[in-house]
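First the structure, in the form of structure tokens, and then the observations on it.
The values are calculated or read from the model by the stated rules, or taken from the named source; none is laboratory data. Nothing here was measured: the structure is a model prediction, and the numbers come from that model. Positions of Cβ are generated from backbone atoms using ideal geometry, with glycine treated the same way; all protein chains shown enter the neighbour counts. These area figures cover heavy atoms from the full protein model, side chains too; ligands, DNA and RNA do not enter into them. Shrake-Rupley method; radii C 1.70, N 1.55, O 1.52, S 1.80 Å.
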Amino acid sequence: MHGAQIFLSLPLLIPFHRTIIIHPPPIHLLLHTHTRTSKKLSLLSLPRRKAMAATASTLLKSSFAGARLPSTPRVSSPSSVVVSTPRSSGPICASISSSTPPYDLTSFRFSPIKESIVSREMTRRYMTDMITHADTDVVIVGAGSAGLSCAYELSKDPSISIAIIEQSVSPGGGAWLGGQLFSAMVVRKPAHLFLDELDIAYDEAEDYVVIKHAALFTSTIMSRLLARPNVKLFNAVAVEDLIVKQGRVGGVVTNWALVSMNHDTQSCMDPNVMESKVVVSSCGHDGPFGATGVKRLQDIGMISAVPGMKALDMNTAEDEIVRLTREVVPGMIVTGMEVAEIDGAPRMGPTFGAMMISGQKAAHLALKALGRPNAIDGTTQTVPPVWREEFVIASKDDEVVDA
Ligand code: AHZ
């Protein structure tokens, strides 16, 4: 499958949704500003209320807020010795050794369940998510290291609804491994501040840090991100095209990724749509699905060229990616290695700091575009978060299933 084939302009037809009855969205999660200590907030379970409070407070605390982005290429002196100073993960070990499963493993039985209930649980939640995000604030295309970093930063603002579209069944892009399929992930400073915020352990050298396995970064950021109520990941879904009106990108055209991969073998299989105020394209560099966002912009004449990334130069590449992360056309921000494709910037190979900080910058550009407090304007420190009046989610934990 070639990247250029993913963005296909097809008439809209949604055959499956006629056969599915969706009840009115079952849950109305009512969120209020901290000034209105709400009796409605008490509708939420205690753990969820704690999570919401934590989310609100983290909006003002970001490794990105106030950080200075290097404007010129910076060459650091090489640091040859990695000082092993792993950040603590002690309590995890303690809880493993002291706990035993709370059920009898020798005569174990699950509570009974009706098969149709399982089916309805999955179907209703997914379809509710699709209804909720048919019109969403930000769509992020691509869940690699840049897209995930962007989504994590953006989701700190609880008033923003975010849909992440990832064509692969397994989100994470190239961030499950380091270079040449090795395990360790090298992150140049100051991107280690983002790792500190995520509480990811690393070994520290003078100018960089090393996470023992790239999967530790990817699984941690994903678990933090996906727990947030304002985020939905649609994996195994491909973005096939963009919605563009009056010169502004206004959303994406989607299809099941497995359908996208079979347009050559079947007759017309039409896509679906997702409108959004901002699209963040983080499709990575050229490859089977790479750089699909900017290639489509070129196809439709919104940008003149996609020269492709240049040869590897870690020092130039990482600063360039962050510097060039921007809204390339009205309504569409590009982040991560896709930036190198549009600008002919060099690649950096297996150093990931730029993916994290570019993702954070893209998030703040999106917040700025949405008129929300952001680190580009320097407004994150001064404006308190405002809870959205009403937020529909399909995954509320204390919901009664009425199937
Ligand atoms: O599946 C793609 C991957 O997970 C996904 N994607 C691309 N096109 C899509 C589409 N619809 C849905 N049309 C799509 N999903 O986007 C993700 C891109 O992740 P990535 O890890 O390839 O890119 P990144 O920019 O987040 O990270 C790049 C990491 C690299 S590459 C590199 C080098 O080659 O020098 N160096 C680094 C650090």
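Yes or no, residue by residue, for (1) open to solvent by 30 Å² or more (accessible area, probe 1.4 Å); (2) more than 26 Å from E318 (Cα to Cα):
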| position | (1), (2) |
| --- | --- |
| E197 | yes, no |
| A215 | no, no |
| A227 | yes, yes |
| L258 | yes, yes |
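Give the residue that is nearest to the ligand (Cβ to nearest atom), with candidates limited to residues of the range 270-301 that are more than 19 Å from P346 (Cα to Cα) and open to solvent by 50 Å² or more (accessible area, probe 1.4 Å).
P288
Before we move on, is E338 within 11 Å of the ligand (Cβ to nearest atom) and within 15 Å of V306 (Cα to Cα)?
Here the answer is yes, as E338 does meet what is asked.
Assuming S183 fulfils every condition listed in (1) polar (S, T, N, Q); (2) within 28 Å of E240 (Cα to Cα); (3) open to solvent by 10 Å² or more (accessible area, probe 1.4 Å) apart from one, which condition is it?
S183 satisfies all of (1) polar (S, T, N, Q); (2) within 28 Å of E240 (Cα to Cα); (3) open to solvent by 10 Å² or more (accessible area, probe 1.4 Å) except (2).
Quick check, is P350 within 12 Å of the ligand (Cβ to nearest atom) and modelled with pLDDT under 95?
Criteria not met by P350.
Tell me which residues, restricted to the range 302-334, are within 13 Å of the ligand (Cβ to nearest atom) and of a type in the set (D, E, K, R).
K310, D313, E318, E320
Can you find even one residue in the range 244-254 that is among the polar types (S, T, N, Q) and without any contact (Cβ under 8 Å) to a residue 24 or more places away in the chain?
Yes, because at least one residue in the range 244-254 is among the polar types (S, T, N, Q) and without any contact (Cβ under 8 Å) to a residue 24 or more places away in the chain.
Taking N262 as the residue in question, decide whether it is open to solvent by 10 Å² or more (accessible area, probe 1.4 Å) and within 14 Å of the ligand (Cβ to nearest atom).
no
So S159 fits all but one of (1) open to solvent by 50 Å² or more (accessible area, probe 1.4 Å); (2) assigned to a loop (DSSP other than H, G, I, E, B); (3) over 23 Å from D286 (Cα atoms); what number is the exception?
Of the numbered conditions (1) open to solvent by 50 Å² or more (accessible area, probe 1.4 Å); (2) assigned to a loop (DSSP other than H, G, I, E, B); (3) over 23 Å from D286 (Cα atoms), the odd one out for S159 is (1).
Pull up the range 102-143, narrow it to residues that are open to solvent by less than 60 Å² (accessible area, probe 1.4 Å) and acidic (D, E), then point me to the one that is farthest from A369 (Cα to Cα).
E121
Grab the strands (runs of 3 or more DSSP E) fully contained in the range 165-259, keeping just those with 2 or more residues being away from the ligand (no atom under 11 Å from the Cβ).
On the way: elements: 185-188, 208-211, 231-235, 237-245, 248-256.
The strands (runs of 3 or more DSSP E) meeting that bar are 208-211, 231-235, 237-245, 248-256.
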